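See structure below.
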Amino acid sequence: MPTLFNQDVDRVKILREIISEKPSAELRKGYWWHIGNVKEFGKNGAYFALGRTTKSIVELYNPETRDFVVDEHPESPYTHAYIDFPLQVLAIGNKPRLAQYTKSIAEHLEKLLNQQKKLQYFNMSADIAPLNDPRDFLTHLKEAAVVGNFTAEFTLPNPFDSEEDFEKPFQKFINASEGNKGKASVSGPDLNREVIENIARTCAASGNDASARMKDTIKSRFRTRHLKGRAVTLDYDDEDPKESPESFLDDIRETYKAVRTEQSEND
């Protein structure tokens, strides 16, 4: 099935329309998830609140009747989310009251989007994957004495920035075979670091995994290291970045570009 974030259609327009409609859906009995407080910034960015509503039972004491009573009232914790539509990059604020892990919040957003009739009408689905931090993996690649094997995952294309030499040919194969994910592997006496580092960045930016069999020294044994592990995060002292949304969106864009191309000067 084509995916919203990967298919060469006007996905930006579709995604923007769905979010602007502030959808809601019952993703689990008694648990309604919502998008609200939508505000667009410029042509490419937007802020929205993402949260869920449940009924909370509270035990109270009524001083007039001098009785204990049970009261039900809705509870709606929410978090902040920012998105750059053309880049298809999304930042979600951590909120333990909403879910223990930010990844879980993203999974609920994915389910919420996929229940919308507009996506179903186009026979499309939304796919949200973490932006992997490639720095540790890239450091091991650069410092390894030998890299004898490299394997990369690839998924359906993001036409706006797919890597020309590696991603696009394999993505065309996935599309033609009606698949949704595949792997490519290469082996040799010692692989070209510059080439495989570029592919590793591509995998990180698209939420895919990569792995390499390498030796730390000439005499050491081969060991396999994986790209996936820690997602990229942005830390802010202010809990609510809505105070400077454009600046926050710029930080998100720069963080993505640093993963996609080269690390920022501060790294």
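In segment 99-120, of all residues being charged (D, E, K, R) and over 19 Å from the mean Cα position of the chain (by Cα), the one that is most open to solvent (accessible area, probe 1.4 Å) corresponds to LYS117.
If I ask for residues that are acidic (Asp, Glu) and surrounded by fewer than 17 Cβ atoms within 10 Å (Cβ to Cβ), which ones from segment 183-201 would you list? Passing the criteria: ASP190, GLU194. Residue pairs whose Cβ atoms lie under 6 Å apart, sitting 6 or more positions apart in sequence or on different chains, and linking a residue in segment 184-197 that is in contact (Cβ under 8 Å) with a residue 24 or more places away in the chain to a partner that is assigned to a strand (DSSP E or B) and open to solvent by less than 80 Å² (accessible area, probe 1.4 Å), are ALA184/ALA152; SER185/THR151; VAL186/PHE150; SER187/ASN149; ASP190/VAL146; LEU191/VAL147; LEU191/PHE150; ILE196/PHE150. If I filter segment 9-26 down to residues being exposed (fewer than 15 other Cβ atoms within 10 Å of the Cβ) and either assigned to a strand (DSSP E or B) or among the β-branched types (Val, Ile, Thr) (or both), which single residue comes out as farthest from the chain's Cα centre (by Cα)? This residue is GLU26.
What is the residue count in segment 41-77 for residues that are in contact (Cβ under 8 Å) with a residue 24 or more places away in the chain and surrounded by 12 or more Cβ atoms within 10 Å (Cβ to Cβ)? Break it down into steps so the answer makes sense when it comes.
Taking segment 41-77 first, the residues in contact (Cβ under 8 Å) with a residue 24 or more places away in the chain are 41-42, 44-52, 54-55, 76-77.
From what's left, surrounded by 12 or more Cβ atoms within 10 Å (Cβ to Cβ): 41, 44-52, 54, 76-77.
Selection size over segment 41-77: 13.
Against the criterion of being assigned to a strand (DSSP E or B), polar (S, T, N, Q) and open to solvent by 20 Å² or more (accessible area, probe 1.4 Å), ASN37 qualifies. Selection within segment 42-88: residues that are among the β-branched types (Val, Ile, Thr) and part of a strand (DSSP E or B). The member of this set that is nearest to VAL12 (Cα to Cα) is ILE83. Would you tally the residues in segment 145-157 being outside any strand (DSSP E or B) and either open to solvent by less than 30 Å² (accessible area, probe 1.4 Å) or at pLDDT below 75 (or both)? Number satisfying all stated conditions: 2. Condition check: touching a helix residue (DSSP H, G or I) at 6+ places or on another chain (Cβ under 6 Å) and either outside any strand (DSSP E or B) or open to solvent by 80 Å² or more (accessible area, probe 1.4 Å) (or both). Does ASN123 satisfy that? No: the conditions fail for ASN123.
Within segment 119-144, restricting attention to residues that are within 14 Å of ARG225 (Cα to Cα) and hydrophobic (A, V, I, L, M, F, W, C), which residue is modelled with the highest pLDDT? Among them, the one singled out is ALA144.
The values are calculated or read from the model by the stated rules, or taken from the named source; none is laboratory data. Since this is a predicted model, take the numbers as computed values, not measurements. All Cβ positions, even for glycine, are placed from backbone atoms using ideal geometry, and neighbour counts span all protein chains on display. Side chains are part of the model used for accessible areas, which takes the heavy atoms of the whole protein and leaves out ligands, DNA and RNA. Shrake-Rupley method; radii C 1.70, N 1.55, O 1.52, S 1.80 Å.
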